[in-house]
1. Report the full-extension gain for the segment GLN255 to LYS242: residue separation times 0.36 nm, less the Cα-Cα distance, to one decimal in nm.
2. Dipole magnitude of region 59-158 about its Cα centre, charges +1 at Lys/Arg Cβ and -1 at Asp/Glu Cβ only, in debye to the nearest 20?
3. Using Cα positions and a limit of under 19 Å, work out the lysines in reach of LYS121, with same-chain residues fewer than 8 apart set aside.
4. If you rank ARG243, ARG155 by fewest surrounding Cβ atoms within 10 Å, what's the result?
5. Given the pairs LYS66/LYS195; LYS219/LYS269; LYS51/LYS197; LYS51/LYS115; LYS32/LYS195; LYS115/LYS197, which are separated by over 18 angstrom at their Cα positions?
6. Need one word for region 21-101: rounded, prolate or oblate. Basis is the Cα gyration tensor (sqrt eigenvalues a ≥ b ≥ c); a/c below 1.5 gives rounded, then a/b vs b/c decides.
7. Hey, which aspartates and glutamates would be in cross-link range of LYS192, C-alpha to C-alpha under 13 Å, not counting anything within fewer than 8 residues on its own chain?
8. Just grab the label-to-label distance for GLN31 and HIS10, each label 7 Å out from Cα along the Cβ direction, in nm (one decimal).
Amino acid sequence: MAESLDELRHKIDELDTQIVALLNERYRTVQKVGAFKKDTASAIYVPEREKKVYEKVSRLNSGPMKDVTLFAIYREIMSGALALEQGLRIAYFGSEGSCTHLAAVTKFGNSVLYKPEQSVKAILEDVVSGRCDYGCIPEGVFLEGLEKNILPCFRSGRLSICAEICGKAISVSDTASAFPRYLIVGVQSTGKTGKDKTSLFFTLPDKPGALHDALAPFKDEETSLHIAGSRQAEKYGNEEEKRFFFLVDLEGHIQEEKITRLLEKLRSKVLDLVPLGSYPEGIGPASPQALATICRQ
């Protein structure tokens, strides 16, 4: 005999009681984790741990709930956990309600604090000074400010890219550029997950074959890459030679031996090389389709 509507609603009420109790038990455990991190001066937000959580709950999901729904739920669960451990503050490029603001919310949820900034320089100063814990910057804006505003902080090791939102596929094809990407910068390095990206900045002279030579180490080490962007560098002093700089994503983590070998080979073929950070390949609620929809609104 089929259950009545009242019986089904009563069952839902009982399940809600269990869910709330389990969530609070999870958060009590989170508070203990936060106390441990505080005692050991550990980072509160750990991108590699975040990725493992999303992958784990995806494996556990037997349906009928879709993964996108599950990820959105866990985004807010983890956002609340971050707020309990420490009131995180995220600087982002643009104004409230902008694509970057909404993208940051898809990453960190609604329980943390957000601060709009109108320049990349202001975001970097917020993060380096500790006024904000992380910065969210659109890839295109990051590329435009790379040479002047951004590069010195990464060259000195004060900042690194530690996560991404809506990661592009690692590919040499232009189809990977169909969706926007946002980079999360912070003062921490991110550990290996087994499926990572490393972003690099390098400069080449305007000479025939320069790019071909620079790409040879990637082929030698059998490492996939995606040229995220390039532009002509500004001239300095009495320089006459044109230079071009490139933002490149490669498959792998900077702690891997083959990536170390690749960088050693690449240094001899470029004018300048700055690793910008290694981080987990994007996973979670910020799907390319979701961000494309946000930015069309």
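1. Between GLN255 and LYS242, full extension yields 1.4 nm more.
2. Roughly 180 debye for region 59-158.
3. In chain and number order, the partners are LYS148.
4. Least to most surrounded, the residues fall as ARG155, ARG243.
5. LYS66/LYS195; LYS51/LYS115; LYS32/LYS195; LYS115/LYS197
6. oblate
7. Output for LYS192: GLU48, GLU50, GLU251, GLU256, GLU257, GLU281.
8. About 3.4 nm, to one decimal.
Computed from the coordinates by the stated procedures, all read-outs in this text should not be read as laboratory data. Given the structure is predicted, the values throughout are model-derived calculations rather than measurements. Methodologically, a virtual Cβ is constructed for each residue, glycine included, from the backbone with ideal geometry; neighbour enumeration extends over all protein chains shown.
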